[in-house]
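Laboratory data are not the source of any read-out in this text; all were calculated from the coordinates shown. From a predicted model like this one, the values you see are computed outputs, not experimental measurements. Because the Cβ atoms are built from the backbone with ideal geometry, glycine has one as well, and the counts that use them run over all protein chains shown.
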Amino acid sequence: MKSCFRLSTLTALIVAFCFWGQAPLDGQVQKKPRSKHLASVDDIAITESQVRQEGADDLESLELKKLKTAASLAQDEQGILEKALERIVEERLLAAEAARQKISEKELVSREIDQKVQETTTEEIEQFYNANKQRIRMEKEEAFLEVRKYLQKRKASLARQTYIEKLEKEHKVVRSIEPLRFNVSAAGRPAQGPASAPVSLVLFSDFQCPYCREMSDTLKEIVKSYGNKVRLVFRQLPLTSIHPFAQKAAEASLCAAAQGRFWEMHDLMFQEQEKLGEADLKKKAGQLGLDTAAFDKCLDGDRFAAQVREDIRAGAAGGADGTPALFVNGRFLNGTRPYEDIAEIIDEELSRKK
C-alpha cells in the first residue's frame, strides 16, 4: 500500500461537554459566553468575527484535526469490537470441539496446536537474520536469540490460526457484524456509472500524487470489469504541503467539468504530472478544445476553491489524511490497492446486496 501523506502532526483533541447548572468535571474546559467585542485599541473595538477571520487558516486546520480524530476513534472502536468478536468465536469453537472429542480444552490445544509447532532451526534463523540484518541493531549472538523467539512465536500463531480455520469449516460460524462505514456524499461530484449502481466508489485524489495516478489506472480496470454494478465518484484532496500545484490542478479539473470534460482533463493531468502549473493547465484546456476564455476566468477567479475545501473536509471526516483514499460503499481503503483487493470488497458488497 502506497500513498501520499500530509506533513502534519495529529494532536489529541479533548471535547468537553458541560451541563447547565453543573460544575465541569476535572480536566474539562468550561465554555463561557462569547463577547462580540474581544478587545479594543483607542476605543476601537476588535470583534470576534475579526479575530476568527485573522485565525481562519489555523481554525480550519483545527477543524480538520477534529474530524480526523473522530474518524480515527471510530476506526479504533471497530477494531476493538472485531478483535473481541474473534476471541469469543475462537473460544466457543475450541469449547465445542473439546466437548465433541470429550477432552479438556487444554488437552485439545496441546494436541492439535502446541505439539504441531516445529522447533525453529538454525538454518531458519540464519536465513531470517541475513535477510533483515541491515535493520537489526544488536550483536549477532544476541540477535539470534531474539530471532528464534520471534520465529517460534510466529509458528505458534500460524498453527493456531490454521486449526481455528479448520474448526470453522467443521462448525457452523455465521458473522453478521457490519463493517465500519463512513457517510461520504457523492452528490454533485464528477462520476462515472449509474447513480443506481449497487456499489459506490468514492475516490479522494491529488493530481500531483504519483500513487494517485497508479490508483486511477486500477480503477479504470475496475469500472471496465464491473460495468453498471459500480459508480466511480471523484473528490478532491490536494496535499498542498507537499504538492504545490495540487490545489490549482484540482480547481482546473472542476473548471473542465463545468464544460463537461472532467474525465478528459483528469486523464491529461495524470499523464503529464510534471506539467501542472497554471500556464500548463490553461494550455491543457486548449488541447481539449475547451472555451479557454471561460476556463481561464474560472481558474483565475477561484470559482471552485470552496468546493475543493468541502472535499478536503469530507475526506477528513472519513479519516483520509493521505492520497489516494477510496471509500467502497463507505468502507475506507487507504493508499494504493491492487485490483484484487478492491474487487474483493466490491464482490462482498454485491453479495450483501443479494
- [ ] With the cut-off at 19 Å, report for segment 81-170 the share of all Cα pairs above it, as a whole percent.
- [x] 52
- [ ] Can you find, among Pro244, Asn130, Ala96, the residue farthest towards the positive end of the dipole of the chain? Put +1 on the C-beta of Lys and Arg, -1 on that of Asp and Glu.
- [x] Ala96
Open item on the list: How much of the DSSP bridge set in segment 185-246 is antiparallel, in percent, rounded to the nearest 5?
Closed with: 20
Open item on the list: Return the equivalent ellipsoid semi-axes of the chain as a descending list in whole Å, where each equals the square root of 5 times an eigenvalue of the C-alpha gyration tensor.
Closed with: 47, 31, 24
- [ ] Note down the nm distance, to one decimal, between modelled labels 7 Å out along Cα→Cβ at Asp217 and at Tyr129.
- [x] 4.1
Open item on the list: Suppose a student asked you for the relative contact order of the chain, using Cα pairs under 8 Å spaced at least 6 residues apart; what percent would you report?
Closed with: 24
- [ ] Describe numerically, in nm with one decimal, the distance between label points set 7 Å from Cα along Cα→Cβ at Met1 and at Leu350.
- [x] 2.4
Task: Expected-Rg normalisation [2.2 N^0.38 Å, Cα atoms] applied to segment 150-206 - done: 2.00
Task: Net length gained if the chain between Glu82 and Ala187 were fully extended (0.36 nm per residue, minus Cα distance) - done: 34.7 nm
Open item on the list: How high is the relative contact order of segment 102-207? Use alpha-carbon pairs under 8 Å, at least six apart in sequence, and give a whole percent.
Closed with: 29
Open item on the list: Averaged across orientations, what area in nm² does the convex hull of the alpha carbons in segment 202-303 project?
Closed with: 6.3
TODO: Calculate the spin-label point distance for Ile242 paired with Ala39, positioning each point 7 Å from the Cα along the beta-carbon direction, and give it in nanometres.
DONE: 3.7
Task: Debye log10 I(q)/I(0) at q = 0.12, 0.14, 0.20, 0.21 Å⁻¹ for segment 255-354, Cα point scatterers - done: -0.57, -0.73, -1.07, -1.10
Task: Modelled FRET efficiency - R0 30 Å, Ala195 with Asp57, Cβ distances, 0.05 increments - done: 0.25
TODO: Express in nm, to one decimal, how much length is gained between Ser72 and Lys297 on full extension, taking 0.36 nm for each residue of separation and deducting their alpha carbon distance.
DONE: 77.1 nm
TODO: With a bin width of 10 angstrom, please list the P(r) values of segment 108-245 as percents of all Cα-Cα pairs, from the 0 bin to the one holding the largest distance.
DONE: 9, 20, 16, 20, 26, 9, 0
TODO: Would you please give the FRET efficiency between Glu139 and Gln118, computed as 1/(1 + (r/R0)^6) with r the Cβ-Cβ distance and R0 = 35 Å, to the nearest 0.05?
DONE: 0.85
Open item on the list: Tell me the relative contact order for segment 191-353 as a rounded percent, counting alpha carbon contacts under 8 Å between residues six or more apart.
Closed with: 32
Open item on the list: To the nearest 20 Debye, how big is the dipole of the chain about its Cα centre, given +1 on the beta carbon of each Lys and Arg and -1 on that of each Asp and Glu?
Closed with: 880
Task: Phi-based couplings in Hz for segment 138-147 (Karplus 6.51, -1.76, 1.60; Gly and Pro marked x) - done: 7, 5, 4, 4, 5, 4, 4, 5, 5, 5
